[in-house]
1. Of the trypsin sites (Lys or Arg not before Pro) in segment 36-122, which ones lie in a loop per DSSP and count no more than 15 other C-beta atoms within 10 Å?
2. What shape does segment 14-55 take by its C-alpha gyration tensor, where a ≥ b ≥ c are the square roots of the eigenvalues and a/c under 1.5 counts as rounded, a/b above b/c as prolate, and the rest as oblate?
3. For the chain, which longest stretch is free of loop sites, where a loop site is one of the GluC sites (Glu not before Pro) that DSSP puts outside H, G, I, E and B and that has at most 12 other Cβ atoms within 10 Å?
4. For the chain, what does -39500 (n - 2.57) per DSSP helix run (n ≥ 4), summed and divided by total residues, give at 222 nm, in deg cm²/dmol to the nearest 500?
5. Helix by helix through the chain, keep the DSSP H runs that span 18 Å or more along the axis on Cα and average at least 1.0 on Kyte-Doolittle, and give those back in order.
6. Run the accessible area of the chain with a 1.4 Å probe and give the carbon-and-sulfur part as a rounded percent.
7. With θ taken as phi - 60° and the coefficients 6.51, -1.76 and 1.60, list the Karplus ³J(HN,Hα) couplings across segment 133-139 in order, rounded to whole Hz; mark glycine and proline as x.
8. From the Cα gyration tensor of segment 34-111, with a ≥ b ≥ c the square roots of its eigenvalues, which class applies: rounded if a/c is under 1.5, or else prolate if a/b is larger than b/c, or else oblate?
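The values are calculated or read from the model by the stated rules, or taken from the named source; none is laboratory data. Here the structure is a predicted model, which means the values were calculated and not measured. Quick reminder, even Gly has a Cβ in these numbers, built from the backbone with ideal geometry, and neighbours come from all protein chains shown. What goes into the accessible areas is simple: the full protein's heavy atoms, side chains included, and nothing from ligands, DNA or RNA. Shrake-Rupley method; radii C 1.70, N 1.55, O 1.52, S 1.80 Å.
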Amino acid sequence: MPKISKFKEQRVGVLVDIQNLYYSGKVLHGKKVNFNKVLEESVSGRKFIRAIAYGIRTAEGLEEKFFEALENQGFEVKTKDLHIFPGGAKKGDWDVGIAVDAIKMSKSLDVIVLASGDGDYIPMVEYIQNTTGCRVEIIAFQESSSAKLITTADSFINMSQNKRKFLITR
(Lines give C-alpha, C1' and ligand atoms only; values in the text may rest on other atoms or scores of the structure.)
Protein backbone atom coordinates (compact mmCIF):
# COMPACT_ATOMS: atom_id res chain seq x y z
CA MET A 1 0.00 0.00 0.00
CA PRO A 2 1.48 3.36 -0.97
CA LYS A 3 2.03 5.92 1.76
CA ILE A 4 -0.61 8.62 1.36
CA SER A 5 0.43 12.10 2.40
CA LYS A 6 -1.36 13.86 5.19
CA PHE A 7 -1.84 17.62 4.94
CA LYS A 8 -2.74 19.87 7.85
CA GLU A 9 -5.54 21.45 5.79
CA GLN A 10 -7.38 18.12 5.52
CA ARG A 11 -10.73 18.03 7.35
CA VAL A 12 -10.88 14.78 9.33
CA GLY A 13 -13.74 12.80 10.83
CA VAL A 14 -13.03 9.79 13.05
CA LEU A 15 -15.49 6.90 13.50
CA VAL A 16 -14.68 4.39 16.22
CA ASP A 17 -16.23 0.93 16.45
CA ILE A 18 -15.69 0.61 20.22
CA GLN A 19 -16.48 -3.12 20.43
CA ASN A 20 -14.11 -3.99 17.60
CA LEU A 21 -11.13 -2.17 19.13
CA TYR A 22 -11.97 -3.06 22.74
CA TYR A 23 -12.19 -6.81 22.14
CA SER A 24 -9.21 -6.85 19.79
CA GLY A 25 -7.05 -5.13 22.42
CA LYS A 26 -8.32 -7.45 25.14
CA VAL A 27 -8.02 -10.72 23.18
CA LEU A 28 -4.75 -9.98 21.34
CA HIS A 29 -2.84 -8.14 24.05
CA GLY A 30 -4.79 -8.55 27.30
CA LYS A 31 -5.07 -4.77 27.70
CA LYS A 32 -7.50 -1.90 27.27
CA VAL A 33 -7.25 0.48 24.33
CA ASN A 34 -6.24 4.10 24.89
CA PHE A 35 -8.98 5.72 22.81
CA ASN A 36 -7.53 9.20 23.37
CA LYS A 37 -4.33 8.10 21.58
CA VAL A 38 -6.40 6.53 18.79
CA LEU A 39 -8.08 9.91 18.25
CA GLU A 40 -4.79 11.80 18.42
CA GLU A 41 -3.11 9.49 15.89
CA SER A 42 -6.16 9.52 13.61
CA VAL A 43 -6.20 13.31 13.38
CA SER A 44 -2.38 13.61 13.10
CA GLY A 45 -2.27 17.39 13.30
CA ARG A 46 -4.95 17.90 10.65
CA LYS A 47 -8.26 19.80 11.03
CA PHE A 48 -10.32 17.83 13.52
CA ILE A 49 -13.98 18.18 12.60
CA ARG A 50 -15.81 15.38 14.39
CA ALA A 51 -15.23 12.09 16.20
CA ILE A 52 -17.99 9.60 16.91
CA ALA A 53 -17.57 6.51 19.08
CA TYR A 54 -20.23 3.80 18.70
CA GLY A 55 -20.94 1.63 21.72
CA ILE A 56 -23.32 -0.94 23.11
CA ARG A 57 -25.19 -0.31 26.35
CA THR A 58 -25.86 -3.26 28.67
CA ALA A 59 -28.65 -3.62 31.21
CA GLU A 60 -26.09 -3.38 34.04
CA GLY A 61 -24.87 0.00 32.77
CA LEU A 62 -21.23 -0.66 33.70
CA GLU A 63 -20.03 1.13 30.56
CA GLU A 64 -21.51 4.54 31.52
CA LYS A 65 -18.29 5.91 33.08
CA PHE A 66 -16.34 4.73 30.03
CA PHE A 67 -18.74 6.51 27.65
CA GLU A 68 -18.47 9.64 29.79
CA ALA A 69 -14.65 9.46 29.61
CA LEU A 70 -14.86 9.23 25.81
CA GLU A 71 -17.05 12.34 25.71
CA ASN A 72 -14.48 14.17 27.84
CA GLN A 73 -11.81 13.22 25.27
CA GLY A 74 -13.74 14.84 22.41
CA PHE A 75 -15.89 11.98 21.13
CA GLU A 76 -19.59 12.18 20.45
CA VAL A 77 -20.85 8.85 21.82
CA LYS A 78 -23.70 7.01 20.13
CA THR A 79 -25.09 3.99 21.92
CA LYS A 80 -27.67 1.31 21.40
CA ASP A 81 -28.89 -1.37 23.74
CA LEU A 82 -27.54 -4.89 23.63
CA HIS A 83 -30.24 -7.09 22.13
CA ILE A 84 -30.73 -10.42 23.90
CA PHE A 85 -32.72 -12.99 21.95
CA PRO A 86 -34.88 -15.73 23.47
CA GLY A 87 -32.41 -18.54 24.09
CA GLY A 88 -29.67 -16.16 25.28
CA ALA A 89 -27.96 -15.17 22.02
CA LYS A 90 -26.73 -11.56 22.12
CA LYS A 91 -26.34 -9.04 19.33
CA GLY A 92 -25.04 -5.53 19.35
CA ASP A 93 -23.18 -3.94 16.50
CA TRP A 94 -23.07 -0.64 14.73
CA ASP A 95 -21.91 -1.66 11.24
CA VAL A 96 -24.85 -0.14 9.36
CA GLY A 97 -24.96 3.00 11.54
CA ILE A 98 -21.24 3.61 11.10
CA ALA A 99 -21.49 3.06 7.33
CA VAL A 100 -24.40 5.49 6.99
CA ASP A 101 -22.63 8.17 9.07
CA ALA A 102 -19.38 7.69 7.12
CA ILE A 103 -21.15 8.08 3.77
CA LYS A 104 -23.04 11.18 4.96
CA MET A 105 -19.92 12.78 6.47
CA SER A 106 -17.69 11.96 3.49
CA LYS A 107 -19.43 14.64 1.44
CA SER A 108 -18.05 17.41 3.68
CA LEU A 109 -14.70 15.93 4.79
CA ASP A 110 -11.39 15.15 3.14
CA VAL A 111 -10.62 12.11 5.28
CA ILE A 112 -12.70 9.57 7.17
CA VAL A 113 -10.68 7.56 9.68
CA LEU A 114 -12.36 4.29 10.59
CA ALA A 115 -11.15 2.70 13.81
CA SER A 116 -12.05 -0.91 13.05
CA GLY A 117 -10.59 -3.83 11.15
CA ASP A 118 -13.96 -5.35 10.25
CA GLY A 119 -14.10 -6.49 6.62
CA ASP A 120 -17.83 -5.72 6.52
CA TYR A 121 -16.80 -2.08 5.89
CA ILE A 122 -15.10 -2.82 2.54
CA PRO A 123 -18.14 -1.88 0.38
CA MET A 124 -18.50 1.37 2.35
CA VAL A 125 -14.82 2.24 1.87
CA GLU A 126 -15.02 1.56 -1.87
CA TYR A 127 -18.25 3.54 -2.20
CA ILE A 128 -16.81 6.60 -0.45
CA GLN A 129 -13.56 6.48 -2.44
CA ASN A 130 -15.41 6.15 -5.75
CA THR A 131 -18.19 8.69 -5.21
CA THR A 132 -16.95 11.51 -2.97
CA GLY A 133 -13.19 11.35 -3.43
CA CYS A 134 -12.84 11.38 0.34
CA ARG A 135 -9.90 9.34 1.63
CA VAL A 136 -10.62 6.48 3.98
CA GLU A 137 -7.94 5.56 6.49
CA ILE A 138 -8.07 2.60 8.85
CA ILE A 139 -6.59 2.37 12.33
CA ALA A 140 -6.82 -1.06 14.01
CA PHE A 141 -4.84 -4.09 15.16
CA GLN A 142 -3.56 -5.86 12.04
CA GLU A 143 -3.98 -9.34 13.56
CA SER A 144 -7.74 -8.82 13.84
CA SER A 145 -8.18 -6.81 10.63
CA SER A 146 -9.40 -7.93 7.23
CA ALA A 147 -6.47 -8.06 4.80
CA LYS A 148 -8.78 -6.81 2.02
CA LEU A 149 -9.94 -3.87 4.17
CA ILE A 150 -6.30 -2.93 4.76
CA THR A 151 -5.47 -2.98 1.04
CA THR A 152 -8.70 -1.21 0.06
CA ALA A 153 -8.12 1.70 2.46
CA ASP A 154 -6.01 4.71 1.46
CA SER A 155 -3.79 4.05 4.48
CA PHE A 156 -3.59 1.74 7.47
CA ILE A 157 -2.19 2.32 10.94
CA ASN A 158 -1.38 -0.94 12.71
CA MET A 159 -1.95 -0.31 16.41
CA SER A 160 0.02 -3.47 17.27
CA GLN A 161 3.20 -1.81 16.00
CA ASN A 162 3.03 0.72 18.84
CA LYS A 163 1.39 -1.09 21.76
CA ARG A 164 2.87 1.34 24.27
CA LYS A 165 1.01 4.19 22.63
CA PHE A 166 -2.33 2.51 21.97
CA LEU A 167 -2.75 0.24 24.99
CA ILE A 168 -3.20 1.16 28.63
CA THR A 169 -0.49 -0.65 30.58
CA ARG A 170 -1.67 -0.12 34.13
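1. Answer by residue number: Lys107.
2. Oblate shape, in that a/c is at least 1.5 and b/c is the bigger or equal ratio.
3. The answer is 61-170.
4. Mean residue ellipticity, 222 nm, calculated: -10000 deg cm²/dmol.
5. Helices meeting the criterion: none.
6. In the chain, the share of accessible area belonging to carbon and sulfur is 51 percent.
7. x, 5, 6, 10, 10, 10, 10
8. Oblate shape, in that a/c is at least 1.5 and b/c is the bigger or equal ratio.
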